[in-house]
Every structure is written in C-alpha cells, then in structure tokens.
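Undergrad: Have a look at this one before I ask anything.
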Amino acid sequence: MSGLKVTALGVAMLAAAFTGATHAQTSINVGCTATTDCASAAVALSEGIFEKNGLDVTMTLVGLNSNIPAALLSDSIQIGGPTPSVFLQAVDGGLDLVAVAGASSTSATTFDTAGVVATSASGIEKPQDFVGKKVGAPGIGAFLQVLFSKWLIDNDVDPREVDFVEVTFPTMDDTLRSGAVDAVVTAEPMMSRIIANGTGQVAGYFLETLPERRPAIFYAATRTWADANPEALAAFRASIEEAADIVNENPDKGRQAIAGFTNIPMEVLSSMKLSVSDPQLDQEQLDWWVTTMNEQNMLQGSPDTATLIQK
Amino acid sequence: MNSSWWKGLVVPAALIATAEVAMRINGSTSMSLAAPSDIAAALAAALLDGSMLAATRDTLISAGAGLAIGGLLGLALGILFGLVRPVDHLMEVTVEVIRPVPSVAVLPIALLVFGFGYTMEIAIVAFSCLWPVMIYTRSAMAGIEPRLMEVARALRLSPWARISKIVFPAALPRILVAFRLAAAIALVVAVTVEIAINPLGLGYGILVAQQGLQPALMLAYLVWIGIVGWSLNTLLSLAQQRLLGRAARVEVAR
C-alpha cells in the first residue's frame, strides 16, 4: 500500500469515527448495569411507553456502576441508574448530579435475592465468624458490600477486620470453590447457582433486617440536563411509573425486557425474583443512605440531600 | 515450508481435546469456563448473525485510527528529537514524566472529556502508540550512518530533502518495526478500553457476554480476538517484507 493510500485510509477511518460518535442530542440514552433493577426502564422501552410519551429512548449496558457518573457528565448518557453509594460519592466529590426517579428498592419479598455465601471449610456461620476471613465482593464500596458491612456493624463486627477482595459475579462460584476466598457477597442469579452446585451455604441474608423501601438503584441525571429538559423529564417519570406497575404485576414482562437489554438467557431469568420496581424517591431515603455511608466513613462532606432530588 | 508444519499443532489440539473431555465428564456448571465445542458453536453463531463482525469493525476502526494518529505523531516527534539534540534535551523530562502513565489510568478522565464512542478510544490508543514509535524512531535517527548525513550537508540539501531523501529511507526498516509493535499495542489497548468503559467493539462483546452469564460466547470473543490479532500481525509482517524486501529481513533478524 502506498503512503498516500495509507493516509487516505486513515482519514476515511477518522471521518467514520467522528460521524459515528455524534448522536442526536434530543433523544435520551439510559445507562444501566446488567441487573434487574432497571427493569422499569427496560419495560418502558420494550412496551413502547417511552415512545407513547414522546421520548426517543435508547438503553446502553454499562459495565461498571461506578462509571455511570462520568458517563452522565460527558453526556454519553442523559439518565443513568447508579446505586445510592455511587451517586452520593459522586456528589460528595463535587459532581452536580440529581436523582430524577426511583428504580428499585429493598422489600421484605426480595431480601433473599442477595446474601453472603460461605464454604463449609471456612466454618463461617454467624457475623462474628467473618473476622480475619477473606470475603469476595463484586465491588468494594459498592451497594452489596456497603450493606453487608452495615450488617456486620449492626452485629458488632468491625468490617475493617474483614479482608475484602473484588470478585466479579460470574467468577464467584469458581473462586469460592478454589478456596481463594472464604465467602462471597453475592446476589441472584449467581447465588442460587453457587448453592445448587454445593460450593457453599448462605451465612447471612444481610438485606433481611433493612427497613422497607431502601433504594437499590435510582435514575439520575446531571442537574444541567434536568433543568434544561423539564418536559422530557416529566415524560420520563410518567413512563417509569407506568412501567413499574407492569414489572411488579407482570414480572414475566420485566424478565423479557431485561433479557432483551442484558442478554442474560431467559432460562436464567425465569427462575429469578425481580427487584421491586419503585418509581418514588424521597429525601428520607437518601438520608438513610448518607447515614449508612457515614458509619463506614465513605463520605468526605455531608451532601445536602434536600437539593439532590429534582423537583 | 517444511513438511512437518503440523507438529506445532499437536500440543494445542491435545490441550483442546483434554479440555473438552474434562468439561464433558465433570458436567461443569462454571459461569466462567465452557467446553471448546460450545465455544466453537458460539463463535460460529456470533459470526453468522453479524454481531461479531460489527464488533470487529468497531475495534479495528478505533485501533487503526489510534495507531495512525499516535504513530504519525510519534514519527514526527521521533524525527525531531532524533535530529535536533537540543530539543531532545529540552523535552526529556516532560516526555519521561508523561510516557510511563498507563493508558488505562487516563480512562476516567477520557470518559469525562470525550464520552462513550470512537473518539475516546482513538485518543487512548493514540496515546499508547505514540511512545514506542517515538522512541524507536528517535533511536533510528541516532543509528543513521554519519557519512550519509555528511553527504547531505555536502550537497546542501534543504531540511525537508534531507529527511525525505536520506533520513527516512535509512531509518525506514526500524520505523516499520516500531509500527508493527505499536499495532499490537493498539489492539490490546482498544480491547482493554472496551472492556473497562467503552460500549462498543470486541471488548464490550466480552463484557456483555460475561455479564449476561454466557461463558461460551465470552470465550468465543477471546478466541476471535486472538485470531484477529494473529491475522493483523501476519499481514503487517508480510507487508513489511513486500515493501522492504531484503532490508526488512535483515532488520528483523537482528
């Protein structure tokens, strides 16, 4: 290939790159992780509710929840589904984000969808047994690990005495089996597989003692976007509210939508409880999270929760 | 080519067969491993439905554009630093401070600045490819036969003529080696960026398959990336030999 051709190819690639990167700015791209928590958005998309309400919505699967604030700031996504811990830490770090609607929250009916699973060799049976043990969690400082730590604190165990390591969900069973960790903080659909494979048993349901309606995921946007698009936001909220009812009353529609969004096979989802979709979000719920995170010294300042939910 | 080329395939084939038998006997329920036959089936399915080819296109566009931009910048800087010593000394600290920054470490900043998409990935790939090309080119400049430079001076060649007629041809074999190295880096960095952050291409395919609890598809992507990388390297090495003939072979043999 001649130098000229190489240059021409380079220029052509660049041109393709830049036209590909520019997206229509009026539409809403919703970014969520591969869990069932964004089921309301997935259903609103698959059932045409967004479209009915005049919104052009696409959904992007984001690998790591902690990437959502940066993705919002760069306008790659206009609405994202961060966990409260990710959201509050981003706000604490100075990013101007606001919560716009609830996605999922804890409930007495779904406490058993997450838990800590230990090998029998580890001898772990009660919270006190975790001291000095190595525990795998999907993310340090992430939703499950924070709530597991809260459970330890509530049972008079200092989480700093537990040796946490990050283990991704799909590798949890193998990591636990190999003995690299004594226990894993996990959730469905992995949890029932680990138990069915005989790799470990549940050593604690740390969501069981939580109050009702603690948010697990909520929809958030930058304050700039939320202020500039009040109509789109109202339409988004109405859509989520309608879709949340569908998810809670007709979980199979939720599963179908989640399967379409995440590519998780239906045979995995069909035996799985969906998180409760909860479109409402109020300040008291955020305050509870601030308190919980402060117990674990996760925040530098004290976020003003009164301003963090878009009116 | 000798007639015993197949001997190299004995070990991989035996390993694959062992893995297949082991997975079948154990009836593995692993969420991160899959039997080779399942991986092959997933690979075929993903190739047929076009998803893997679309992902390959996205990754190659990012890696290629990043390589082109980073490589050309590296080439220009390498020539400049190699030929004009005072500039080299002036920039030494700056370059040595920026160069060791791992490309993956700039990911969060790149996401804030560029957002998802090709631009972010191209920028990071370009950043990674710049340095090896720059350093190879700079040392290639130093390796040019001094008498050639004397000839250039005696002929009173303009700076541009000196670069295009003397410097560039003399340094070309090493520069091409640098580009081959950078091409391998470009693919690795592009896939890494996709796994970590950017929702497109082969790396994102791995991530989605992993999070969607489809280990066979995830490993199929891995195998495919290996095939793509190997093909690219073979192509580049062929191109190098065609372009340079003997000179390339001498340089590679060193």
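Any read-out appearing in this document is the output of simple, stated calculations on the displayed coordinates, not a laboratory observation. Note that the structure is predicted; figures quoted are calculated from it, not measured. A quick note on method: Cβ atoms are made from the backbone with ideal geometry, for glycine too, and the neighbour counts reach across all protein chains shown.
Each row is one residue, and each column tells you yes or no for (1) in contact (Cβ under 8 Å) with a residue 40 or more places away in the chain; (2) aliphatic (A, V, I, L, M).
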{"position": "A:F148", "(1), (2)": "yes, no"}
{"position": "A:N155", "(1), (2)": "no, no"}
{"position": "A:V162", "(1), (2)": "no, yes"}
{"position": "A:E166", "(1), (2)": "no, no"}
{"position": "A:T171", "(1), (2)": "no, no"}
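Undergrad: Identify, from the list A:A257, A:A232, the residue that is buried (at least 21 other Cβ atoms within 10 Å of the Cβ) and in contact with a helix residue (DSSP H, G or I) (Cβ under 6 Å, 6 or more places away or on another chain). Talk me through it step by step, then tell me what you get.
TA: On the way: A:A232 fails: in contact with a helix residue (DSSP H, G or I) (Cβ under 6 Å, 6 or more places away or on another chain).
Only one candidate qualifies: A:A257.
Undergrad: Moving on. Being outside any loop (DSSP other than H, G, I, E, B) and closer than 18 Å to A:L97 by Cα is the filter here; which residues of the range A:277-287 pass it?
TA: Initial filter on the range A:277-287 (outside any loop (DSSP other than H, G, I, E, B)): A:277, A:283-287.
Answer for the range A:277-287, where residues must be outside any loop (DSSP other than H, G, I, E, B) and closer than 18 Å to A:L97 by Cα: A:Q283, A:E284, A:Q285, A:L286, A:D287.
Rundown of residues vs (1) touching a Cys at 6+ places or on another chain (Cβ under 9 Å); (2) among the β-branched types (V, I, T); (3) assigned to a loop (DSSP other than H, G, I, E, B); (4) under 30 Å from A:N29 (Cβ atoms), yes/no style:
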{"position": "A:G179", "(1), (2), (3), (4)": "no, no, yes, no"}
{"position": "A:S192", "(1), (2), (3), (4)": "no, no, no, no"}
{"position": "A:A203", "(1), (2), (3), (4)": "no, no, no, no"}
{"position": "A:L207", "(1), (2), (3), (4)": "no, no, yes, no"}
{"position": "A:F218", "(1), (2), (3), (4)": "no, no, no, yes"}
{"position": "A:A226", "(1), (2), (3), (4)": "no, no, no, yes"}
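Undergrad: Looking at B:G226, B:G203, which is the one that is more than 18 Å from B:A126 (Cα to Cα), small (G, A, S) and either over 12 Å from the mean Cα position of the chain (by Cα) or away from every other protein chain (no Cβ under 14 Å) (or both)? Talk me through it step by step, then tell me what you get.
TA: Values: B:G203 fails: more than 18 Å from B:A126 (Cα to Cα).
Answer to the selection: B:G226.
Undergrad: For B:L83, only one of the following conditions fails: (1) within 30 Å of A:D96 (Cα to Cα); (2) touching a Pro at 6+ places or on another chain (Cβ under 9 Å). What is its number?
TA: The failed condition is (1).
Undergrad: How about the range B:38-137: which helices (runs of 4 or more DSSP H) wholly inside it have at least 3 residues that are closer than 30 Å to B:S28 by Cβ and of a type outside the set (D, E, K, R)? I'd like the intermediate steps shown before the answer.
TA: Working: elements: B:51-83, B:85-98, B:107-114.
Ranges flagged: B:51-83.
Undergrad: Let me ask another. With the checklist (1) closer than 30 Å to B:W230 by Cβ; (2) of a type outside the set (S, T, Y); (3) within 14 Å of chain A (Cβ to nearest Cβ) in hand, flag the one item B:I163 doesn't pass.
TA: Every listed condition holds for B:I163 apart from (1).
Undergrad: Residues being away from every other protein chain (no Cβ under 14 Å) and surrounded by 13 or more Cβ atoms within 10 Å (Cβ to Cβ): count how many of those fall in the range A:260-311. Full working, then the answer.
TA: Start the filter on the range A:260-311 by keeping residues that are away from every other protein chain (no Cβ under 14 Å), which leaves A:273-311.
Right, trim to surrounded by 13 or more Cβ atoms within 10 Å (Cβ to Cβ) and you get A:273-283, A:285-290, A:292-293, A:295-296, A:298-299, A:303, A:305, A:307-310.
Looking only at that region, the number is 29.
Undergrad: Taking the range B:1-44, which residues are surrounded by 15 or more Cβ atoms within 10 Å (Cβ to Cβ) and not aliphatic (A, V, I, L, M)?
TA: Those that are surrounded by 15 or more Cβ atoms within 10 Å (Cβ to Cβ) and not aliphatic (A, V, I, L, M): B:E20, B:S28, B:S30, B:S32, B:P36, B:D38.
Undergrad: Let me ask something additional. What are the residues in the range A:254-276 that are within 25 Å of B:P199 (Cβ to Cβ) and either of a type in the set (K, R) or assigned to a helix (DSSP H, G or I) (or both), if any? Don't jump to the end; show me each part of the working.
TA: In the first step, residues of the range A:254-276 are kept if they are within 25 Å of B:P199 (Cβ to Cβ); the result is A:254-266, A:268-269, A:272, A:274-275.
Hits for the range A:254-276 are A:G254, A:R255, A:Q256, A:A257, A:I258, A:A259, A:G260, A:F261, A:T262, A:M266, A:V268, A:L269.
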